[in-house]
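The values are calculated or read from the model by the stated rules, or taken from the named source; none is laboratory data. Predicted, not measured: the structure shown is a model, and the values here were computed from it. Neighbour counts are summed over all protein chains in view; Cβ atoms, including those assigned to glycine, are modelled from backbone coordinates with ideal geometry. For accessibility, only protein heavy atoms count, side chains too; no ligands or nucleic acids. Shrake-Rupley method; radii C 1.70, N 1.55, O 1.52, S 1.80 Å.
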Amino acid sequence: MLSFKQPNHFQSLMVLQWPLSFLILFLSAPSSVWIFPPLSIYLLFTSWWPLSALYFAWFFLDWKTPDQGGRRSAWVRNWCAWTHMRDYFPISILKTKDLSPEHNYLMGVHPHGIMTFGGVCNFCTEATGFSKIFPGITSYLATLSWFFKVPFLRDYLMAKGLCSVSRSAIDYLLSHGTGNLVGIVVGGVGEALLSMPNTTTLILRKHKGFVRTALQHGAHLVPTFTFGETEVYDQVLYHKDSCMYKFQRHFRQIFGFYFCVFYGRGFRQGSTGLLPYSLPIVTVVGEPLPLPKIEKPSQEVVDKYHALYMDALHKLFDQHKTQYGCSETQKLLFL
């Protein structure tokens, strides 16, 4: 979909880029969750057990923090790894309208993609300069709630500015102060299975809970679309009657996200591997849609503003699609 000429120094840095890219992939992927439980248990049986025991005591005392605004760290959000991640693709953010710090915002992040590189880099780090582009706005990105029950991982996620996608966590952020921007990947993990190059299909028609939440808090809805998110990996798709597809569905029911079979580039030019293709990713942040504050909105009101949101997202896509590699005839499809 998108084409981009690599910087002149890219080839000379290739030897350093490969191991760094694996690190970035690990830090960004949900699959990194698997290393933390065994690591935390292992430390209990080493000379480091007092520190591990103290951490677990802190872990239980600090249990509610992910649902009460989290604990972000400017240091973590400014790690140099994120600037390398930004430059690898590269990743950028485009503002179309200012966001006033006097309001709170609920932002739809589309599409999910395989890893949601654009959402993570733009809203969970300062690599693309979010705080300078949107002064006075504090960004959060919601992810699976059970990640925040995993030792060590929860602290890392909170430090980056991720929050639980639970109702209590989002309610807290939208009701304590102003200038909070909470991003929700509305299509959820189901949209990951639709992530293929040259596709612009979103799971949105029946996902209306985020609109109801915005109405209850009087938060403005912000549409975004990340061009290039579905281009950086190829995916093996399975027929709905196949054993592999059934396994993917059972895996999601147990762990909360799909087991996707995907591939990208390898170490050598033209080879296949797990590194994402180095193609540009651009997140376009649209104009906020003001919503009234209604404590108990009716279904008709929710449907009304959901339709307005879809229209705004559709217009945002059409206004920028040719600029970022889509053809004039490319359509944004809602499922």
Above-threshold pairs, the threshold being 28 Å between Cα atoms, out of Lys97/Lys331; Lys240/Lys304; Lys97/Lys321; Lys246/Lys331: Lys240/Lys304; Lys246/Lys331
Average Cα contact separation per residue, segment 84-154, under 8 Å, 6 or more apart, as relative contact order %: 32 percent
Net charge dipole size for the chain [Lys, Arg +1 and Asp, Glu -1 on Cβ; Debye, nearest 20]: 320 debye
Solution diffusion estimate, µm²/s, Stokes-Einstein, segment 175-284, Kirkwood Rh from C-alpha pairs, 20 °C, viscosity 1.002 mPa s: 130 µm²/s
Per residue, the convex hull volume that the Cα atoms of the chain enclose (Å³): 157 Å³
Accessible surface of Ile184 - all protein chains present, 1.4 Å probe, nearest 10 Å²: 20 Å²
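Kirkwood Rh over Cα pairs of segment 35-80 into Stokes-Einstein at 4 °C, 1.567 mPa s: D in µm²/s?
Estimated diffusion coefficient is 104 µm²/s.
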Solvent-accessible surface ranking, highest first, for Asp311, Asp303, Asp98 at 1.4 angstrom: Asp98, Asp311, Asp303
Point-charge dipole on Cβ atoms (K/R +1, D/E -1) for segment 123-201, about Cα centre, debye to 20: 100 debye
Histogram of C-alpha separations across segment 218-335, 5 Å bin width, %: 2, 9, 13, 13, 13, 15, 17, 10, 5, 2, 1, 0
Debye, to nearest 20: dipole size of segment 228-335, +1 on Lys, Arg Cβ, -1 on Asp, Glu Cβ: 400 debye
Accessible-area composition of the chain, carbon plus sulfur, in percent [1.4 Å probe]: 62 percent
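Beyond 24 Å, what percent of the Cα pairs of segment 85-226 remain? Please list the in-between numbers first.
On the way: 2843 of 10011 pairs.
Percentage above 24 Å: 28.
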For segment 271-335 versus segment 88-134, the gap between their alpha-carbon centres in whole angstrom: 13 Å
Heavy-atom accessible area ranking, 1.4 Å probe, most first, across Ser73, Ser327: Ser327, Ser73
Cross-link partners of Lys132 among aspartates and glutamates (Cα-Cα below 16 Å; sequence separation of 8 or more within a chain): Asp98
Of Pro50, Gly161, Ser278, farthest towards positive along the dipole that unit charges on Lys, Arg, Asp, Glu beta carbons give the chain: Pro50
